[in-house]
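These notes are about the structure you will find just below.
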């Protein structure tokens, strides 16, 4: 089931205070970026992020879920209504990830 535009709108509104946030639609889902780095995405109306060290530290009890069949597990973000937490989470993940490769 593809993700709804209304869920995307809710998440992007929650991230509106964060710098460098963007998204791209892909096959009915949405890939989320922070400063050009893939942070995670919206899959089946769930916000999932890469399971990097920073994300695990900020969400130690977060369940791991598959965004789609055959993909690597990601962490489910349950605090989607907490703007400050999401800003902190996305910034921490972005800081940990390497710079995007030049094409």
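No value in this document is a laboratory result; all are computed from the given coordinates. It should be emphasised that the depicted structure is a prediction, and the values quoted were computed from it without experimental measurement. In this analysis, Cβ positions are derived from the backbone assuming ideal geometry, glycine residues included, and neighbour counts consider all displayed protein chains.
The residue 96 and residue 4 beta-carbon pair, evaluated with R₀ = 30 Å, returns a calculated FRET efficiency of approximately 0.55. Calculated [222 nm] ellipticity per residue, helices only, for the chain: -8500 deg cm²/dmol; basis is -39500 (n - 2.57) per DSSP H run with n ≥ 4, divided by all residues, nearest 500.
With a cut-off of 8 Å between alpha carbons and a minimum separation of six or more residues, what is the relative contact order of the chain in percent?
Details: 161 pairs, mean separation 26.4, N = 103.
Answer for the chain is 26 percent.
Among 6, 94, which comes first, then next, by fewest other beta-carbon atoms within 10 Å?
On the way: 6 9, 94 21.
So the residues, fewest neighbours to most, are 6, 94.
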